[in-house]
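Taking it in order: structure first as structure tokens, then the write-up.
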Amino acid sequence: MIFLRLIPYILLFFAVTAAPFLVHHVAPPKVLNGCQIQPRTQCRERDLARMDLTKSDLRKADLSRSLLAEARLTKADLAKANLTGANLTNAKVGGARLRAANLSGANLTGASFREANLKRANLRGANLTRTNFRDAQLIGADLTGAKLNETKLIGAYLSGVTWVDGRQCASSSIGECR
């Protein structure tokens, strides 16, 4: 009998505690310097220097000619993003997804792409001076005409990469083009 009297209270408890899980709330995209941080965003020539974009979803975003110097893009998704001519000097891009991203002519001086996925990325003519690609996946990337000075490639997967001089790196290339 006591249990039957408790049933309304038990139902109320479950209704109150389960309610947050039943409501699907989508937060509006973050806006930084007039740029909506979301997939397919159009943010050409924007100043996003020193911004924290950790784990941001910027798939197919147009960030061409944008200033991303010292930005934190750790574990961000930039697959198929357009970063043509962007400035990522000293940016932290470790663990990010840049699969098939266009970084042609970009300045990546001193940036860290440690453990990033740059499979089939376009890095033609990019400045890779002192860039850290330790343990990054550059499989099938195009580095034609890129500037490599003190670039760290320790453990980087370079299978099928088109090297700065146009030759193809062998499938066994790790850390150096063979």
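Quick note: the coordinates plus some simple rules give every number you see, no bench work behind them. This is a predicted model, so every value here is computed, not measured. Counting neighbours? That spans all protein chains shown, and the Cβs are built from the backbone with ideal geometry, glycine included.
Some observations on this one:
- Charged neighbours of Glu70, selected by a Cβ distance under 13 Å, balance to +1 (K, R count +1; D, E count -1).
- Charge context of Leu118, other residues only, Cβ under 11 angstrom, K/R +1, D/E -1: +2
- Per the Kirkwood formula applied to alpha carbons, the range 91-172 shows a radius of gyration over Rh ratio, Rg over Rh, of 0.91.
- Pairs beyond 23 Å (Cα-Cα), from Lys30/Lys147; Lys30/Lys152; Lys60/Lys147; Lys55/Lys147; Lys75/Lys152; Lys30/Lys92: Lys30/Lys147; Lys30/Lys152; Lys60/Lys147; Lys55/Lys147
- Dipole magnitude (debye, nearest 20) for the range 24-178, charges at Cβ of Lys, Arg, Asp, Glu: 240 debye
- Contour minus Cα-Cα distance for Arg50 and Gln36 (0.36 nm per residue): 3.4 nm
- Check: the range 58-130 dipole with +1 on Lys, Arg Cβ and -1 on Asp, Glu Cβ, in debye: 260 debye
- Mean-position separation - Cα centroids, the range 36-56 and the range 103-158, in angstrom: 20 Å
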